[in-house]
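Note sheet for the following structure.
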Amino acid sequence: MAQPLVKKDDDRDDEADYSPFLGIEKGAVLQEARVFNDPQLDPRRCSQVITKLLYLLNQGETFTKVEATEVFFAVTKLFQSKDIGLRRMVYVMIKELSPSADEVIIVTSSLMKDMTSKTDMYRANAIRVLCRITDGTLLTQIERYLKQAIVDKNPVVASAALVSGIHLLQTNPEIVKRWSNEVQEAVQSRAALVQFHALALLHQIRQNDRLAVNKLVSSLTKGSVRSPLAQCLLIRYTSQVIRESANNNQAGDRPFYDFLEGCLRHKAEMVIFEAARAITELNGVTSRELTPAITVLQLFLSSSKPVLRFAAVRTLNKVAMTHPMAVTNCNIDMESLISDQNRSIATLAITTLLKTGNESSVDRLMKQITNFMSDIADEFKIVVVEAIRSLCLKFPLKHRSLMNFLSNILREEGGFEYKKAIVDSIVILIRDIPEAKESGLLHLCEFIEDCEFTYLSTQILHFLGIEGPKTSDPSKYIRYIYNRVHLENATVRAGAVSTLAKFGAMVDTLKPRVFVLLRRCLFDNDDEVRDRATLYLNTLGGDGAVVETGEDVKEFLFGSLDIPLVNLENSLKNYEPSEEAFDINSVPKEVKTQPLAEKKAPGKKPTGLGAPPAGPPSTVDAYEKLLLSIPEFANFGKLFKSSAPVELTEAETEYAVNVVKHIFDGHVVFQYNCTNTIPEQLLENVTVIVDASEAEEFAEVASKPLRSLPYDSPGQTFVAFEKPEGVPAIGKFSNMLRFIVKEVDPSTGEAEDDGVEDEYQLEELEVVAADYMLKVGVSNFRNAWETMDADCERVDEYGLGPRESLAEAVNAVINLLGMQPCEGTEVVPNNSRSHTCLLSGVYIGNVKVLVRLQFGLDGPKDVAMKLAVRSEDEAVSDAIHEIVASG
C-alpha cells in the first residue's frame, strides 16, 4: 500500500509532506486491479485502485493495448456494485481509458441503463461518458434521451446534456443542431448553470449565422437572463454584435450600448465588471461612453477582494493606453494600491499612474516607486522600467530625475533581462533627448565598472564609441574605457580597444593619449585584443606609418557595413584560397529570407530553383546563371533582385506551381516552378498564359515553355515582360497553366502517343513596389543618416487610419516598402503609444535609401506617421513618399 499523507505538527514544519502516490508502479497497480474480479466487491478498495490507475494515466504512463483492454473489462464488472461513490469512479475511468469501438459495445448497455435510471447522479454521469466514447451511429440511437435530458427538471442532468452537446458540436454538428428547440427552452431555465450552458450551446449552434446571433442577443437583452454567468456570456456576445455592426454601420449608431450600461447596475460583481470591460474595449469609444464604466471600476479599486482590485486596475491600465485623461480621476485610488500586498496589483497601479500622471506628479511617483521596486520580481520591474521610459519621452524636462532613478536601480541586484531593459531605456533617452546625453553616458560608464554581463558591457562600449566623442568633454570617458582593458574578459577588452580607437579618430586632442593606451594593449595575452590594437594603430598612424586621410579613417571605424553579415559569412565559407584575393564587392547585398516551403506530397522533391540552396550567395548566383543561359533573357543586363517563391496553387493539388519574380532595370521575368503530382500523367509543352490587362506598363516580350514535365520531376517555364527602364512599375497578372496531358501506363512507365490539351487556373500574381527594393542593412544607422546628403531628404506626415495596434501599423509599412529594419526597431514595446522605426535598403538603380518612421496613436485606434527619407537621389526620396501615399 502507498504511504498515507502525513500531517505535519506545528513543531515539525521542516518535515516534508508525503504523497499517497509515492513510489507506486504500474505493474503493482495492475496486480491490485484484480480486486475488480472478486465475488464480494470492496467499494473502498476498488475506488483506491481506480484512483491509482487515474494517477498513472495523468502522469503520462502508457498502457499497452492488452493492459488497457484487461483494465477496461475489469472496470465494467464494477457496474454490479450499487455503491454511488464507486460508480462515479467507474465513469471517470471509462472516460480516461477511451475504449475502442469494439470495446464500447460492451459497456454501452450499462451506460444506457444508467441514463434512464431514477438516480439523477447516474443519469448525468452516464450522459457525459456516452457522449465522450460513442460515435455518430450510436449517437442517433440515444438522441431522443439526450433531448429529454436537456429539458430535465434536475439541473445536474440538464447541464450534463448541454455540456455534452458543446463537445459533440465539434464532431457531429448536424445532430446537435437538431436540438435547437430544446436548447432554446433550456435558456429560460431558472437554474443558473443550466441557463449558462444552454446559452453557450445555442450561440455555438448559430455562430455562423450573423442574423440569427443578432436575433438571439436582441431577445435576451430584454431581461430574460437571470444567471450571472449567463449574463456575462450575453455581454460578450453583445460586444461581438456591436463590433460587427460598427464595421457595417457608418452612421455612428451603437446598438445595445444601453444594455451594457444597464449591466453596470447589476447586483452581481462579475456582471458589473464584464460590462465595464466590454464598454472600455468598444471600437472608437468616446469619453462620455467611458465615464460610467470608469466610475464602477474606480469603486472596485477600494474593494476588499483582491480579485476585484486586480481586475479593475488591469482594465484601467489598458484604458490608459488610449484614453489617459479618462483615468486621471482614479489616480488617488491607484496611489493607495502601490502598497498593496498583491505585487501584481501594485505593479499595474504604478504603470497606470505613470501613463496618466502629469509633469507635476513625476517626482512624487518616483519616491513611491523607489520603495516599491525592491519587493517585486524582475518581470514586474521590466514593466515599470518601460513605463518610466515612456514617461520620460512624454515629459523630457523631467529627464534628470528619471535618469537618476534608472541609474540607481541599474546598480541594484537583478537578472540579465532586467538590466538589459534599463540599459536599452537609457540608450533610447540619450538618443531622443539631447540634454540627457552626457549624464546618461556617465551612468552607463559607472554601470560597466561592476557589470557582470559581457553582452551588456560590449553593447555599452559600442554605443559609447558612437556618442562619447560628440560630447563637450570626451576625455572624461577614457578612464572608464581603459579600465575595461585591464579588468575584463577578452571579449570586453577587445570592445574597449575599438572604442578607444573611435575616440582617437574623432577627437584630435585625445589622439596622443589614445596612442599610448593602444600601444599598451599590444602586450595583451589575447590575440583578438592585440590584433585590434595593431590594426587601429596602423590605421590612425600611431606606429609612425603613413596615415590615411581623416575621412578614410572615419569611414573605416564608423562607416556602415552595407552588406549583411550572414551573406559575408557564407561568402567567406565558400571562398577557396587562390592567387585571386577575396573581393568583398562580390558579396550579395540583399538580406535573403528563408524561401517559402515547397508544396510537396509525401516524397515529393523540391520544385527546382523554387527551393534554392540555403546560402544566399549560391541562391543569387544560381538564379543569375540560369537566366543568362537562356538566350531570350541574355541581353536584359544585370539581375537586380529575385523574390522569394510565391505560391500559386493550394496544398496537395494536382499540380504544384510557385513563381519567382526576377527584377531587371527594364524587364521583369516570371519563373514558374512546376511539379506534376499525378503518377499516371505526363505533361508536355507546358506554358503559363499570362493576362497583363491590369498591368498597363508591362508588355510581354518573350516566353520559354517547358517541353516535358514527368511525375514528381520539377521543371521551369518562363515569361518575360518589358517595362519602362528604371521605373518601379506595378500591376496584377492572371495566370493560366496550359499543357498537353498524356496518359502513362503504370506497368511500363511509357506515355501514350496522343495527348489532350488542358488548362489549370492558377492564383493571381502581383508586382508591388517592394519588389524594387533590396533589403540591405546598415550597422550604424545614425552615422549613415548623417553622412547622407540632407538636400535629398523628403519629410511628410500621413494618417494610416484605424489599426488594431501600433505594431500592426509598423509591420504594414515595412512590408509595403520592402526595406530592412535596423537596430531591432521593427519590434514595438508593449503598451507604447509612439514608436520610431529605422529602415534601410537599395532601390532599383542601386540607389541607397534610408527611412526614419515615427508612429503615434492619434485617438483610440487611429495611427499617424511621420516619414523622413534620405537617399542618394532626390527622385528616389520622392518615389518612396509616392509609394506610401498610394499604398
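The values are calculated or read from the model by the stated rules, or taken from the named source; none is laboratory data. Computed from a prediction, not measured in an experiment: that's the story for all the values here. Here the Cβ positions follow ideal geometry from the backbone for every residue, glycine too, while neighbour counts run over all protein chains shown. Heads up: the accessible areas ignore ligands, DNA and RNA and are worked out on the full protein's heavy atoms, side chains in. Shrake-Rupley method; radii C 1.70, N 1.55, O 1.52, S 1.80 Å.
Just a few scattered comments:
- Basic side chains Lys and Arg get +1 at the Cβ, acidic Asp and Glu get -1 at the Cβ, and with that the dipole of the range 26-245 about its Cα centre reaches some 760 debye.
- Taking label positions 7 Å along the Cα-Cβ direction at both THR62 and ARG144, the computed distance is 4.4 nm, reported to one decimal.
- Computed label-point distance, nm, for sites GLU174 and ILE740 using a 7 Å Cα→Cβ extension: 4.6 nm
- The aspartates and glutamates whose alpha-carbon is closer than 13 Å to the alpha-carbon of LYS848, local same-chain residues fewer than 8 away aside, are ASP562, GLU590, ASP789, GLU793, GLU872, ASP873, GLU874.
- Once the Cα atoms are used to define both axes, helix 527-540 deviates from the longest principal axis of the chain by about 40 degrees.
- For the range 40-133, lysine pairs separated by 8 or more sequence positions, or belonging to different chains, with Cα-Cα distances below 23 Å total 14.
- Averaging the Cα positions of each part gives two centres, and for the range 760-805 and the range 134-175 these lie 56 Å apart.
- One entry in [x] 33.4, 109; [y] 35.6, 105; [z] 34.8, 127 is Rg and Dmax of the Cα atoms in Å calculated from the shown coordinates; its label is [y].
- Efficiency of FRET between GLU786 and ARG707 - r from beta-carbon atoms, R0 60 angstrom, step 0.05: 0.60
- Prolate/oblate/rounded label for the range 358-448 (Cα gyration tensor, a/c 1.5): oblate
- Accessible-area ranking of ILE740, ILE150, largest first, probe 1.4 Å: ILE740, ILE150
- Cα centroid of the range 367-425 to Cα centroid of the range 61-85, whole Å: 59 Å
- THR286-ARG210 FRET efficiency (beta carbon distance; Förster radius 30 Å; 0.05 resolution): 0.75
- Accessible area expressed per residue, the chain, with surrounding protein chains retained (probe 1.4 Å, Å²): 49 Å²
- Heavy-atom accessible surface of the chain: percent carbon and sulfur, 1.4 Å: 50 percent
- The range 252-312: trypsin sites (Lys or Arg not before Pro) falling in loop per DSSP and having at most 10 other Cβ within 10 Å: LYS267
- Net lengthening on full extension, LYS267/ASP691 (0.36 nm per residue, minus Cα-Cα): 146.1 nm
- Degrees between helix 120-133 axis and first principal axis of the chain (Cα, 0 to 90, nearest 10): 50 degrees
- On Cα atoms only, tilt of 362-373 relative to the major axis of the chain in degrees: 60 degrees
- Rounded to the nearest 20 debye, the dipole size of the chain about its Cα centre is 4800 debye, using +1 on the Cβ of Lys and Arg and -1 on the Cβ of Asp and Glu.
- Calculated FRET value between LYS866 and LYS573, using beta carbons and R₀ = 60 Å, to 0.05: 0.90
- In units of the compact-protein estimate 2.2 N^0.38 Å, the range 26-245 shows a Cα radius of gyration of 1.17.
- Summed residue charge, Cβ within 13 Å of GLU488's Cβ, Lys/Arg positive, Asp/Glu negative: -4
- One chain, two ends: THR491 and ASP450. Fully extended at 0.36 nm per residue, the span grows by 13.2 nm beyond their Cα-Cα distance.
- Subset of LYS177/LYS215; LYS661/LYS775; LYS502/LYS775; LYS470/LYS502; LYS394/LYS775 violating a 22 Å alpha-carbon distance limit: LYS502/LYS775; LYS394/LYS775
- Helix-derived mean residue ellipticity, 222 nm - over the chain, DSSP H n ≥ 4, -39500 (n - 2.57), to 500: -15500 deg cm²/dmol
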